[in-house]
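I have placed the structure first, in the form of structure tokens, so that the comments after it can refer back to it.
The values are calculated or read from the model by the stated rules, or taken from the named source; none is laboratory data. Because the structure is predicted, anything quoted here is derived from the model rather than measured. Counting neighbours? That spans all protein chains shown, and the Cβs are built from the backbone with ideal geometry, glycine included.
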Amino acid sequence: MKKLLLLLVMVSLGVATASAQKYYVPKFKKTKEVRDYEMEPKRKVYLTLGGSFNMGLGFQNHIKYKDHGYDVAYDENMQFDGVSVLLGGGFRVTENFHAGIESGVLIQAGTNAVPLYASLKYYYGPAIKQKRTRFFNYLDGGPQFYFTDKSKPVGYMVGAGGGMRLLVKKSVRTDFFVGYQLNVRGVQPHLNGDHTVNPQGVTFNQYAHVIQIGLAIPIL
């Protein structure tokens, strides 16, 4: 009889303990670890290596005869795409605003050039954040020096667009960008023999419209 009573007491205690755990012991949920990522290089001055694929949209020619007072303009189909390889230097002015200069090689339509232009970038949001991405806009502009076509020795380009910085690893940052670029080339007319047109009074400009898709990686 004593053993039976002892068993009943133990069972009662077990049920009471289970009920207490059910109502008074809180359930802890595993929380996701939150990290902060540094989206900017620690150095204020840095180097970048990048490149782009240039998709041609259209090609325009504009000839102005100053002595005769009239213009000739006509369009051409842009039957080429190109690539560029660029090396640049940047300076982090503020947490969001960067300025720099870039140069490299542009290969497009058999007319190769060396661009040299200033680049301005504005990054949105804080430099230290809980996501590995950061969006930006950019503006480029500067001269281009053509070394395969003597009739087009110097031109210039302007470009604008946007992109996203992605933190691949702890210190590897990659800027992916898409934008519009306008290339302007001044053609020097070469007129041989006797002509009624004065070469000094002829202005011949060519305008190439391009969509750029590329990336840039800070390397130092």
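Of the residues making up segment 39-96, those that are aliphatic (A, V, I, L, M) and within 22 Å of ILE213 (Cα to Cα) are MET39, LEU47, LEU49, MET55, LEU57, MET78, VAL83, VAL85, LEU86, LEU87. For first residues located in segment 171-194 and closer than 22 Å to LEU116 by Cβ and at pLDDT 80 or above, partners that are of a type in the set (Phe, Trp, Tyr) and part of a strand (DSSP E or B) and lie 6+ apart or on another chain with Cβ distances below 6 Å form the pairs VAL184/TYR156; VAL184/TYR207.
Can you say whether VAL72 is among the β-branched types (Val, Ile, Thr), at pLDDT 90 or above and touching a strand residue (DSSP E or B) at 6+ places or on another chain (Cβ under 6 Å), as far as the supplied structure shows? Give the derivation first.
On the way: among the β-branched types (Val, Ile, Thr): yes; at pLDDT 90 or above: no; touching a strand residue (DSSP E or B) at 6+ places or on another chain (Cβ under 6 Å): yes.
In short, no.
Report yes if LYS121 is of a type in the set (D, E, K, R), surrounded by 13 or more Cβ atoms within 10 Å (Cβ to Cβ), modelled with pLDDT under 85 and out of contact with any Pro (no Cβ under 7 Å at 6 or more places or on another chain), otherwise no. No. Among (1) farther than 20 Å from ILE213 by Cβ; (2) assigned to a strand (DSSP E or B); (3) not hydrophobic (A, V, I, L, M, F, W, C), which single condition is TYR138 missing? With respect to (1) farther than 20 Å from ILE213 by Cβ; (2) assigned to a strand (DSSP E or B); (3) not hydrophobic (A, V, I, L, M, F, W, C), TYR138 is out only on (1). Return a yes/no flag: does segment 89-96 have any residue that is in contact (Cβ under 8 Å) with a residue 60 or more places away in the chain, farther than 23 Å from PRO218 by Cα and either of a type in the set (A, V, I, L, M, F, W, C) or touching a strand residue (DSSP E or B) at 6+ places or on another chain (Cβ under 7 Å) (or both). The answer is no, given that none of the residues of segment 89-96 is in contact (Cβ under 8 Å) with a residue 60 or more places away in the chain, farther than 23 Å from PRO218 by Cα and either of a type in the set (A, V, I, L, M, F, W, C) or touching a strand residue (DSSP E or B) at 6+ places or on another chain (Cβ under 7 Å) (or both). Taking the criterion of being modelled with pLDDT under 95, exposed (fewer than 14 other Cβ atoms within 10 Å of the Cβ) and under 14 Å from the mean Cα position of the chain (by Cα), the only residue of segment 125-160 that qualifies is THR133. The set of residues from segment 78-118 being surrounded by fewer than 19 Cβ atoms within 10 Å (Cβ to Cβ), polar (S, T, N, Q) and in a strand (DSSP E or B) comprises SER103, GLN108. Going residue by residue through segment 12-21, is there one that turns out to be at pLDDT 55 or above, under 28 Å from LEU182 (Cβ atoms), out of contact with any helix residue (DSSP H, G or I) (no Cβ under 9 Å at 6 or more places or on another chain) and surrounded by 10 or more Cβ atoms within 10 Å (Cβ to Cβ)? The answer is no, given that none of the residues of segment 12-21 is at pLDDT 55 or above, under 28 Å from LEU182 (Cβ atoms), out of contact with any helix residue (DSSP H, G or I) (no Cβ under 9 Å at 6 or more places or on another chain) and surrounded by 10 or more Cβ atoms within 10 Å (Cβ to Cβ).
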